[in-house]
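Only one structure is covered here, and it is reproduced in the block below.
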Amino acid sequence: MIRLAGRVVVASHNAGKVREIHALLAPLGVEAVSAASLGLPEPAETETTFAGNAALKAKAAADASGLPALADDSGLEVFALGGAPGVYSARWAGPEKNFQAAMERVWRELAGGAGDAGARFVCVLALAEPGGGVQCFEGEARGTITWPPRGEQGFGYDPIFVPEGGARTFGEMSHDEKLPLTHRARAFEKLLAALR
């Protein structure tokens, strides 16, 4: 098992993801540094699965920095759309990261809500050591798609996702309210269990 101690590179240039992972690592007394702050390039996400992309990013960051690296690949899967946008969630937002357009596309493809609005956020965390192995941990948060988008908190598809048992979108929740309900927190619980 890879040890988490000292500094860990969070292999992401997404400020929202880095903030969430930093908050999850803080209780371990581990210093999280972002790949962006170290000037590490973002590798092309060429895999077709969350696990494949997460492992690719973690390995690249670990090898380039000489530090253990934690990468996340995550996205929104809408059941009526055959799991789309899935691993292509960020690509639906385009190079300009226009998630408003991506959310509109989800709603349009759901025929304006005429179909099943069930969905889940999926996160795979990959932990890699320089020149060594990679371990992956998956978590999910199930819920439904709603329209119009609600809330200014969070990032990505958060304003159209209502978690199971809730009435507010992730976009309407504060960071502290949302974090324990997320796919990322659930993947992190599995990582922590493995570390013990």
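The values are calculated or read from the model by the stated rules, or taken from the named source; none is laboratory data. Everything numeric here is computed off the predicted structure, so don't read it as measured data. Neighbour counts are summed over all protein chains in view; Cβ atoms, including those assigned to glycine, are modelled from backbone coordinates with ideal geometry. Surface areas here come from the heavy atoms of the whole protein model, side chains and all, with no ligands, DNA or RNA. Shrake-Rupley method; radii C 1.70, N 1.55, O 1.52, S 1.80 Å.
Per-structure values
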read-out: Subset of the stretch 13-49 [in contact with a helix residue (DSSP H, G or I) (Cβ under 6 Å, 6 or more places away or on another chain) and charged (D, E, K, R)]; value: GLU20, GLU45, GLU47
read-out: Residue in the stretch 88-127 that is modelled with the highest pLDDT, counting only those that are closer than 24 Å to LYS17 by Cβ and of a type in the set (Lys, Arg); value: ARG120
read-out: Subset of the stretch 114-139 [open to solvent by 10 Å² or more (accessible area, probe 1.4 Å) and among the aliphatic types (A, V, I, L, M)]; value: ALA114, ALA117, VAL134
read-out: Test: GLY75 is surrounded by fewer than 19 Cβ atoms within 10 Å (Cβ to Cβ) and touching a residue at least 24 places away in the same chain (Cβ under 8 Å); value: no
read-out: The listed residue being modelled with pLDDT of 90 or more and either within 17 Å of TYR157 (Cα to Cα) or buried (at least 21 other Cβ atoms within 10 Å of the Cβ) (or both), out of ALA80, ALA15, ALA64; value: ALA80
read-out: Which listed residue is among the hydroxyl-bearing types (Ser, Thr, Tyr), open to solvent by less than 40 Å² (accessible area, probe 1.4 Å) and closer than 19 Å to ALA51 by Cα, from THR182, THR169; value: THR182
read-out: Inter-residue pairs, beta-carbon under 9 Å, first farther than 16 Å from LEU56 by Cβ and in the stretch 130-149, second open to solvent by 50 Å² or more (accessible area, probe 1.4 Å) and among the basic types (Lys, Arg), 6+ apart; value: GLY139/ARG186; GLY139/LYS190; GLU140/ARG186; ALA141/ARG186
